[in-house]
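Novice: Provided herewith is a single structure, encoded as structure tokens, for subsequent inquiry.
The values are calculated or read from the model by the stated rules, or taken from the named source; none is laboratory data. Note that the coordinates shown come from a computational prediction; the quantities given were computed from them, not determined experimentally. Here the Cβ positions follow ideal geometry from the backbone for every residue, glycine too, while neighbour counts run over all protein chains shown.
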Amino acid sequence: MAETDKMLPGNSEIGNICIECGLCCDGSMFKHAGIDKSDDMIFLKQTGFESVIDHDKLFFHLPCKGQEGKRCLLYHDARRFKVCKTFQCKLLKQYLSGDITYSTAMSVIQEILVRRQSVKAFSEILHTDHHSREPSLFSFIRELYQSGKMEDPAFRKTYSKQILDCFIFRELLKRSFYKKNNVDEKKKRKKEVYIMEQKVIANPVIVLREDFDDWAILFDPDTGEGFGLDPISVLIWKQLDGKHTIDDIVANLQDVCDETPPEAVAHVTDFIATLMEKGLVGTALP
């Protein structure tokens, strides 16, 4: 089905994807949403939305007051905000372009909602601010990273599963829901070509923590930021010693994994390019 066909009113799959997900509305992806000059400000105030100015732009807080469970109470209202009518996450764009099927999109949504439920429960345990406005999960996770709590061994031991779910939740958002800037993508492709010719070495400051089942966390003590690694990514990370090329790493993965996809080289290169952007790795001197 072409993208234009999928956008037809008769296609209920689009609505199902958005309704079953709701991550762009519930504060998981963003802490607030933009208010356009064409939006009805009287309607905004009548419906109880709280506006805020950030960097000279007008926003309303998330989670959205128009969301009840997964249902948008304003969906059929002509005054619904422009950002709500026009926003398309990466997952929806992939479905519309035919890159993924409807069933694949729904599977991704179900997976991340399981993690979201755990993160939500975790935020309720730790949240001590009793203001009436519910904090967004976006803000909760960011504050958790910046608080230094995850440097406390007792805290990590007590909440190891919840911390893991926070990292996996954030990584799933980055991988499947956040849109990428086309200019950034072009720069990344150039960097990947460069990486293919190099031997990559891990930043010695970065700490690898493997106390989270099969997943692990890269922690930067200088910034307090963390980066989640799935089991395959852990295997790759351990080979970033300045001695292995991309081909070496893929060959080693083929030795330890039952099945390695044909696009493994591209996946490994893309992963390393992401690590390089974050300052977690560099290239070894010749």
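Novice: Exactly one condition in (1) surrounded by 14 or more Cβ atoms within 10 Å (Cβ to Cβ); (2) at pLDDT 85 or above; (3) of a type outside the set (S, T, N, Q); (4) under 29 Å from GLN146 (Cα atoms) is false for ASP241; which is it?
Specialist: Of everything listed in (1) surrounded by 14 or more Cβ atoms within 10 Å (Cβ to Cβ); (2) at pLDDT 85 or above; (3) of a type outside the set (S, T, N, Q); (4) under 29 Å from GLN146 (Cα atoms), ASP241 misses just condition (1).
Novice: Please specify each residue of the range 41-72 satisfying the condition of being more than 26 Å from the chain's Cα centre (by Cα) and among the hydrophobic types (A, V, I, L, M, F, W, C).
Specialist: The answer is MET41, ILE42, PHE43, LEU44.
Novice: Out of SER103, SER123, which single residue is in the same structural domain as TYR145 (by TED's automatic domain parsing) and either in contact (Cβ under 8 Å) with a residue 40 or more places away in the chain or not in a strand (DSSP E or B) (or both)?
Specialist: Within the list SER103, SER123, the selection yields SER123.
Novice: Quick check on my filter: what residues within the range 137-172 are of a type outside the set (Val, Ile, Thr), under 21 Å from VAL108 (Cβ atoms) and at pLDDT 80 or above?
Specialist: Passing the criteria: LEU137, PHE138, ASP165, CYS166, PHE169, ARG170, GLU171, LEU172.
Results for (1) at pLDDT 85 or above; (2) in a loop (DSSP other than H, G, I, E, B); (3) among the aromatic types (Phe, Trp, Tyr); (4) crowded, with 18+ Cβ neighbours inside 10 Å, shown as yes or no for each residue.
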position	(1), (2), (3), (4)
ASP222	no, yes, no, no
GLY226	no, no, no, yes
ALA251	yes, no, no, no
GLU259	no, yes, no, no
PRO286	no, yes, no, no
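Novice: Please go through the range 15-43 and pick out each residue that is surrounded by fewer than 18 Cβ atoms within 10 Å (Cβ to Cβ), of a type outside the set (D, E, K, R) and assigned to a helix (DSSP H, G or I).
Specialist: Of all residues in the range 15-43, those surrounded by fewer than 18 Cβ atoms within 10 Å (Cβ to Cβ) come to 15-16, 19-20, 34, 36-38, 40-43.
Subsequent filtering for residues that are of a type outside the set (D, E, K, R) retains 15-16, 19, 34, 38, 41-43.
Across the range 15-43, the qualifying residues are GLY15, ASN16, ILE19, MET41, ILE42, PHE43.
Novice: Kindly list the number of the only condition in (1) more than 15 Å from the chain's Cα centre (by Cα); (2) under 30 Å from ASP40 (Cα atoms); (3) buried (at least 16 other Cβ atoms within 10 Å of the Cβ) that fails for LYS82.
Specialist: (3)
Novice: Let me ask something else. Looking at the range 158-183, which of the residues that are over 17 Å from the mean Cα position of the chain (by Cα) and free of Cβ contacts under 8 Å to residues at least 40 places away in the same chain is surrounded by the most Cβ atoms within 10 Å (Cβ to Cβ)? Don't jump to the end; show me each part of the working.
Specialist: At the first step, the residues of the range 158-183 found to be over 17 Å from the mean Cα position of the chain (by Cα) are 158-161, 182-183.
Narrowing further to those that are free of Cβ contacts under 8 Å to residues at least 40 places away in the same chain: 158-159, 182-183.
Values: THR158: 11, TYR159: 19, ASN182: 8, VAL183: 8.
Checked the range 158-183; the qualifying residue surrounded by the most Cβ atoms within 10 Å (Cβ to Cβ) is TYR159.
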